[in-house]
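Below: one structure, written as structure tokens.
Any read-out appearing in this document is the output of simple, stated calculations on the displayed coordinates, not a laboratory observation. Everything numeric in this text was worked out from a predicted model, so none of it was measured. Because the Cβ atoms are built from the backbone with ideal geometry, glycine has one as well, and the counts that use them run over all protein chains shown.
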Amino acid sequence: MLHQVSPTAVLAVAAMILPSIVSADGPLASSKRGLCFTPNETTRADDSIWPPALSWYYNYKPLPEPKYKDIPQSEFEFVPMLWGAPETKGDTSFVTTVKDLIKSGVNITNVLSFNEPDAPYAWGGSYLDPVTAAQAWVDNIKPLSDMGLRVGLPACTGGRDGLPWLETFVRECSALVSTGNKKENCTFDFVTIHWYGNFDGLASHMGQYAAAFPNKTMWITEYNLAGASLEETQAFYKISAEYFDRLDFVERYSLFGAFRSDVSNVGPNAAMLSNDGRLTDIGAWYLGREGTGVKPTDGKSVSVAGRQVMPTVSAAILGAVAIAWGLF
Ligand SMILES: *[C@@H]1O[C@H](CO)[C@@H](O)[C@H](O)[C@H]1NC(C)=O
Ligand SMILES: *[C@@H]1O[C@H](CO)[C@@H](O)[C@H](O)[C@H]1NC(C)=O
Ligand SMILES: *[C@@H]1O[C@H](CO)[C@@H](O)[C@H](O)[C@H]1NC(C)=O
Ligand SMILES: *[C@@H]1O[C@H](CO)[C@@H](O)[C@H](O)[C@H]1NC(C)=O
């Protein structure tokens, strides 16, 4: 059973984990950093920028990207995700897909579940009630956990409905795996956190997770300071990367920003690539390199250059993908 988060516990944890000093040169490379993969059909060449500088990735899907599928897991680990609940109750195709991947020789060891189930489709969420999600978890995530794969709790938004959603989810899931006189808990290996806002809010949000799920490691799988000035966005990047790198219980993180500035839905300055696809300072720092001095809004965008030739069909697919990358 989960307990109410006590404000005192939150403050205590937040104070305990407040950052001290950030180096002036930006954080160094970190093996915790991964790619939150949000490709754009018009700029597929950008996809080769990220591996092997980053050590892992997810693409909101059960199967690896064709472009990355031949890179060994030990160099650039693919982490499958069950994005939402299957349309049909009892559908276990996610389990089959992951098992087949493993059989084909891909060493899958971590699995992610449900992208922002507490947010509507229009905002990029998988919009699930906790009861439906619990059933889909028992059908598709629990079998993988039973096989020894490490599984992450659903990735709720940073909104105030996220933690209550998770608490209901864990309770409902535990009820599903319990029988009359044998009580079981749904178990998981790490929590998954999304955050769009300033650093104080991020630290306090992590404190709430630490209080609600004691002794669990954290993956911050989407985060950024949305819609701020370049200076503020860079300061946020540095302080949060330094913070994540220093905390042992932060196992991994992936900045929501591996796209060009002109297509960013979290503001132009949050992007790791400029309009013309060069690494910005934040992009270079994230890969463990020196800043480039390239501003996110530098360069001509593809659409301005008029090179965007796209049949209607792929435009529709992109629309669906755009929904999957929504802000919340
Ligand atoms: C389930 O979790 C609750 C709360 O954390 C704990 O008190 C209980 O012992 C757990 N039950 C089992 C069977 O592990
Ligand atoms: C699979 O990956 C895990 C985690 O990195 C590692 O411990 C294990 O040795 C790997 N297994 C194989 C067969 O490579
Ligand atoms: C969980 O508890 C163990 C034993 O006290 C400790 O060594 C470990 O660091 C804790 N992990 C987290 C993520 O807090
Ligand atoms: C992909 O890039 C093109 C050209 O910049 C842009 O018009 C389109 O909106 C982008 N698609 C998504 C899903 O971001």
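For the residue pairs K142/K183; K32/K238; K61/K99; K89/K216; K67/K99; K67/K238, the C-alpha atoms sit more than 19 angstrom apart in K89/K216; K67/K99; K67/K238. Ranked by the mean number of other Cβ atoms within 10 Å per residue, highest first, peptides 271-284, 65-78 order as 271-284, 65-78. Measuring between their Cα centroids, region 33-75 and region 153-177 lie 29 Å from each other. Our summary gives region 7-324 a relative contact order of 18 percent, counting only alpha carbon pairs under 8 angstrom and 6 or more residues apart. The length gained on full extension between L287 and S93, counted as 0.36 nm times the residue separation minus their Cα-Cα distance, comes to 66.4 nm. When restricted to Cα atoms, region 202-282 yields an Rg and a Dmax of 13.8, 44 Å, respectively. Each principal axis of the Cα cloud of region 7-324 was evaluated for its coordinate range; sorted largest first, these ranges are 65, 50, 36 Å.
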